[in-house]
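Worksheet: one structure, shown below.
The values are calculated or read from the model by the stated rules, or taken from the named source; none is laboratory data. Since the structure is predicted, the reported quantities are computational estimates derived from the model, not experimental observations. Note that we place each Cβ from the backbone using ideal geometry, even for glycine, and neighbour counts take in every protein chain shown.
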């Protein structure tokens, strides 16, 4: 299947030297590594990557629509001992609790991708809080683990969204490399795109269902 081939090519191809050492690094956000945000001092900006020089990257999957490739993704990651971060929308969490549980039991981190997959920059602070607390609670109920990461739907954000998320204890995480796996691209095209753009500390955006 395209998704499985892509994972194998991107994560484990001998040609992808930077990616061959792929390990999730989002947990380092609160550790000794610094993060980069493409920041200016005038705006609140999310995390786009981690500043490091050891060839490690973060692979992330957004979960909102279906589960078609999810089993193969988890099997491939488990086979190669790679841990990733999955960002789940609340309605996906509620529809597929068995997958949320399986992802967590396989040792992957799960962050929230909102409750309704709406443009949250258009919401009030009160509505943002509802989206975040509700979606995180749905994940925590299944996994028993505190949610600490948040990815805004569509990559859409503003200052209020990031400040509200931070106030609630969530790191807002974007990506520095978009796989474009939702487009009609071959596994080789997706892999080439990622390999050409990735560097130490990159966060790669993928989707569990293309």
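List of remarks:
- Residues of segment 25-39 classified as modelled with pLDDT of 55 or more and assigned to a loop (DSSP other than H, G, I, E, B), total: 2
- Residue check for residue 68: in contact with a helix residue (DSSP H, G or I) (Cβ under 6 Å, 6 or more places away or on another chain) and either in a loop (DSSP other than H, G, I, E, B) or within 28 Å of residue 121 (Cα to Cα) (or both): no
- If you go through segment 162-179 and keep only what is closer than 14 Å to residue 126 by Cα and touching a strand residue (DSSP E or B) at 6+ places or on another chain (Cβ under 7 Å), you end up with 162, 165.
- Counting only residues that are surrounded by fewer than 20 Cβ atoms within 10 Å (Cβ to Cβ) and over 12 Å from residue 49 (Cα atoms), segment 176-210 holds 17 of them.
- Residues that are modelled with pLDDT under 95 and surrounded by 15 or more Cβ atoms within 10 Å (Cβ to Cβ) within segment 60-71 comprise 65, 69, listed in sequence order.
- Residue in segment 49-56 that is on the phi < 0 side of the Ramachandran plot, at pLDDT below 90 and part of a helix (DSSP H, G or I) present: no
Rundown of residues vs (1) over 16 Å from the mean Cα position of the chain (by Cα); (2) part of a loop (DSSP other than H, G, I, E, B); (3) modelled with pLDDT of 95 or more, yes/no style:
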site	(1), (2), (3)
126	yes, no, yes
130	yes, no, yes
133	yes, no, yes
136	no, no, yes
141	yes, no, yes
145	yes, yes, yes
157	no, yes, yes
160	yes, no, yes
163	yes, no, yes
